[in-house]
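To keep things clear, I will list the structure first and then write my remarks on it.
No value in this document is a laboratory result; all are computed from the given coordinates. Because the structure is a prediction, the values reported are computed rather than measured. In this analysis, Cβ positions are derived from the backbone assuming ideal geometry, glycine residues included, and neighbour counts consider all displayed protein chains.
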């Protein structure tokens, strides 16, 4: 067995902007360790792509089937067939070491590498967000990397998009700061063009690479069920066109407040005040009848209500970002439960959400707004997750807002026009009056393997399979 050559750390760059829930702290930069990986395969040259505005602005590509896994390259991996085809370690490619910057511990691991085919996006992208679904038994973990192609045919470095494990026996799950090449950079979970207005910085496509790790000689191995990315080129906008209401209805989704967890487990981003993502994830998982077992929750103080929210916060926590708001980490957590699929994507209008609700699929949306921009919220935020559960007869949006003070108060109805704008815009004014970024329709979607044909049709309509 051979040890792959180490890859130098990328140059340092400014700390990325915060994506907290109400009142949480901003991202913190710490030193990332060097991770040795296998040799970098070449990407094909990028062909000409029609100019922005001539195609859809969001593109999803996920690898999930046996044929998908076989379409990539991964001589050290093998395909696990069955109702949920996966990818795992076959004959390891080699042995390497990893110094965990969050524990100071160096581990030695066998590894195998799978690299996807090159995927050409529908339109040159200004942002790419990956997501993955996997299981990592004790003694195993994985890393997800992305290499993009610019329109001129040049390449980005292989960016580390996450070093992840469902548990904590081997590593602390982490994003990696300080990655960039002057034309693109990584902000926790997102590859973005440094100057989105410049065509030369846009990404015409990408490859993904997954490195599977296990302790040498171990019988255990990680299994990857889904990996892919959402690439997008949403135009900059402070306002978005209004959509006309189409369908009313409301799903029965459990209610959980992050605020009842204030002060609990402050080591996970200051306790419940910043737990909008794991709280929303918990609500949707319970809608599908999934969640941690009593044994899973044995570590939580029995005096705490809704211990499953504490559990979700712990197991979505990103030790580099110093928070629970890493988008792919929330999706990966949700997919760890029985037969669950989870992705990060962007939607184009409230009509997309109406179609999902009609099919029985709640959606978690990311938005930012000043106090007063969303009537009835009573707070402002630079980034917050809510769960959309329905629409009123007049088209207003019914959400479960985890920033409510109690579980009973979580159900809120927000004005359609206000909600649509704060969710879909890409630019806004901050409290200081300066221009700030907004999420442009980012959405978490979780659904079970046994989804109905109507649910599959609703997902396919937004480009997710």
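A crude spin-label estimate for the pair residue 220 and residue 194, with each label 7 Å from Cα along the Cβ direction, gives 4.1 nm. The relative contact order of the chain comes to 18 percent, based on Cα pairs under 8 Å that sit 6 or more residues apart.
Length gain on complete extension for the stretch residue 99 to residue 406, per 0.36 nm per residue less the alpha carbon to alpha carbon distance? Write out the running numbers ahead of the final one.
On the way: separation 307, 0.36 × 307 = 110.52 nm, distance 4.18 nm.
Answer, rounded to one decimal: 106.3 nm.
Can you match Cα extents along the principal axes in Å to one of these, (1) 63, 56, 46; (2) 78, 45, 43; (3) 82, 77, 39, based on a calculation from the structure here? Checked against the structure: label (1). Evaluating kT/(6 pi eta Rh) at 4 °C and 1.567 mPa s, with the Kirkwood radius of region 59-159 over Cα pairs in the Stokes-Einstein relation, gives 82 µm² s⁻¹.
Give me the extension gain from residue 461 to residue 84: residue separation times 0.36 nm, minus the current Cα-Cα distance, reported in nm with one decimal. The partial results should precede the final answer.
Values: separation 377, 0.36 × 377 = 135.72 nm, distance 2.21 nm.
Full extension from residue 461 to residue 84 adds 133.5 nm.
Label-to-label distance, residue 70 versus residue 432, with points set 7 angstrom from Cα along the beta-carbon direction: 5.6 nm. Placing pseudo-labels 7 Å out from each Cα toward the beta carbon at residue 417 and residue 452 gives an inter-label distance of 3.4 nm.
Contour minus end-to-end for residue 237 and residue 394, with contour as 0.36 nm per residue of separation and end-to-end as the Cα-Cα distance?
Values: separation 157, 0.36 × 157 = 56.52 nm, distance 2.57 nm.
Extra length available between residue 237 and residue 394 comes to 54.0 nm.
With the convex hull of the Cα atoms taken as the outline of region 58-232, the averaged projected area works out to 9.9 nm².
With runs of 4+ DSSP H residues as the only contributors, calculate the mean residue ellipticity of the chain at 222 nm using -39,500 (n - 2.57) per run, divided by the residue total and rounded to the nearest 500. Provide the component values of the computation, followed by the final result.
Working: 7 runs with 64 residues, N = 465.
It lands at -4000 deg cm²/dmol.
Across region 249-461, the volume of the C-alpha convex hull divided among the residues equals 117 Å³ per residue.
Rg to Rh for region 201-246: what is it, with Cα atoms only and Rh by Kirkwood?
Values: Rg = 20.2 Å, Rh = 16.1 Å.
The Rg/Rh ratio comes out at 1.26.
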